[in-house]
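Read the structure below first, then the notes.
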Amino acid sequence: MPVNDAIRHDWAREEILALLKRPFNDLMFQAQSVHRRVFDANSVQISTLLSIKTGACPEDCAYCPQSARYDTGLNVERLLPLEQVLQAATRAKAAGATRFCMGAAWKNPRDKDLDRVIKMVEAVNALGLETCVTAGMLKRDQAQRLASAGLDFYNHNLDTSPEFYGEIITTRTYADRLDTLQHVREAGLHVCCGGILGMGESRADRAGLLQALCNLPQHPDSVPINMLVRVKGTPLADAASLDPFEFVRCIAAARILMPKAMVRLSAGRAEMSDEMQALCFLAGANSIFYGEQLLTTDNPGQQADRALFQRLGIQAMADECPRQRATSSRGNTRRHRPTSGRPSR
């Protein structure tokens, strides 16, 4: 299959399945070839994720320990005070993070809660960090308010294919998720959108998730690919493990389908071997979450990540201060460090 970096939004399911079925070495070579023409192959973006409001979510997402419907032993916490969030962001920046992500376990935020989140966004912006928020479904005016406050990214995952979605979530529809993404794009915010693998879906469903992502009107700027973290008390606690090579194949396909996106190796890294993570980086993953916890699940410690980066010759992506970048380049433009020259945004 020839290498083609053209940005497409018309991928057929059969084309994506053909990618996932390619001989592993051929798929990896194609993904790495695409990756190297857009990014520095030895540079990975460091992000930090903080749960700013934990648990008691009314949704029934089968993978999520934060659902009020499941007994997972989670300590429910109200929205954190601004000062505590600012302290966490300051520590994250000192540890090398360039993006600070804030997650709130809501189906959709109330306006009075959004007021407090906006203050957090403004405070983290002032530190010179990129800001990202995930807080459930947004109305059009809420997305516009976040954009006016200077938010850089909004995360809202599709989770899985449209066909398998009803097996995982019944409290909001796929169309609801697509509507929120539309509001985010229309507000001029960068989109962070990906999914979760290993929930019992088929390879065709994994292709369906990738198809839904790459055929959006604009490719997501960040694409988090999560491995299911099986949490006791959730319906997916006993889900079968996904073949690691299948996970790597999906990373490679995401890189080929969305050449300019940051493909983030997200949840589940604590259960991945160093060798599996190295294959994911080779396949085109170029972003990770840094820190010992992702919302409510474990993540490798900073020392472990530093050691792995050193063994692989990987450097943390050195971005200029995001607050100094022009904000007129929303959409699918190269906003991260390319293979040579200064980073553009």
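Bear in mind that the values in this text are calculations on the coordinates, not laboratory data. Just so we're clear, the structure is a prediction, and the values are computed from it rather than from any experiment. So basically every Cβ, Gly included, is an ideal-geometry build from the backbone, and we count neighbours across all protein chains shown.
With 0.36 nm allotted per residue and the present C-alpha distance subtracted, the residue 215-residue 91 stretch has 40.9 nm of extension available. Of the GluC sites (Glu not before Pro) in the stretch 18-125, not one is in a loop by DSSP (not H, G, I, E or B) with at most 16 other beta carbons within 10 Å.
With the simple spin-label model, which puts each label point 7 Å out from Cα in the Cβ direction, the residue 123 to residue 110 separation comes to 2.0 nm.
What does the charge add up to near residue 143, with Lys and Arg as +1, Asp and Glu as -1, over the other residues with Cβ less than 12 Å from its Cβ? Can you show the working numbers first?
Numbers: positive: 139, 140, 145, 185; negative: 141, 179, 186.
Within the 12 Å Cβ shell, the charges total +1.
Based on DSSP H runs of at least 4 residues, each adding -39500 (n - 2.57), what is the mean residue ellipticity at 222 nm of the chain after dividing by all its residues, to the nearest 500 deg cm²/dmol? Working shown, then result.
Values: 10 runs with 121 residues, N = 345.
That calculation yields -11000 deg cm²/dmol at 222 nm.
Relative contact order (percent) for the chain, with alpha-carbon contacts under 8 angstrom and 6 or more residues of separation? Walk me through the numbers on the way to the answer.
Numbers: 672 pairs, mean separation 82.8, N = 345.
This gives 24 percent for the chain.
If the segment from residue 238 to residue 18 were pulled out straight at 0.36 nm per residue, it would be longer than the present Cα-Cα gap by 76.2 nm. Stokes-Einstein, applied to the Kirkwood radius of the stretch 1-144 over Cα pairs at a viscosity of 1.567 mPa s and 4 °C, places its translational diffusion at 70 µm² s⁻¹.
If the cut-off is a Cα-Cα distance under 28 Å, which lysines reach residue 107, setting aside same-chain residues fewer than 8 apart in sequence? Those lysines meeting the cut-off are 53, 119, 139, 232.
Select from 161, 285, 229 the residue farthest towards the positive end of the dipole of the stretch 13-321; place +1 on Cβ of Lys and Arg, -1 on Cβ of Asp and Glu, and compute about the Cα centre. So the residue we want is 285. Pairs of Cα atoms nearer than 8 Å and 6+ residues apart set the relative contact order; for the stretch 51-127 it is 35 percent.
To the nearest 0.05, how large is the calculated FRET efficiency for residue 178 and residue 312 if R₀ is 51 Å and r is the Cβ-Cβ distance? Write down the numbers at each step before the final one.
Numbers: r = 37 Å, r/R0 = 0.72.
Once rounded, the FRET efficiency stands at 0.90.
Using the Cα centre as the reference, give the magnitude of the dipole from point charges on the C-beta atoms of the stretch 13-321 (Lys, Arg: +1; Asp, Glu: -1; all else neutral), rounded to the nearest 20 debye.
The dipole magnitude comes to about 320 debye.
Note on residue 56 and residue 36: the model spin-label points, each 7 Å out from Cα along the C-beta direction, lie 5.3 nm apart. Here semi-axes √(5λ) of the Cα gyration tensor in Å was calculated from the structure, and among (i) 41, 22, 19; (ii) 32, 27, 22; (iii) 27, 24, 20 it sits at label (iii).
Computed from the C-beta positions of residue 29 and residue 83, the FRET efficiency with R₀ = 56 Å rounds to 0.70.
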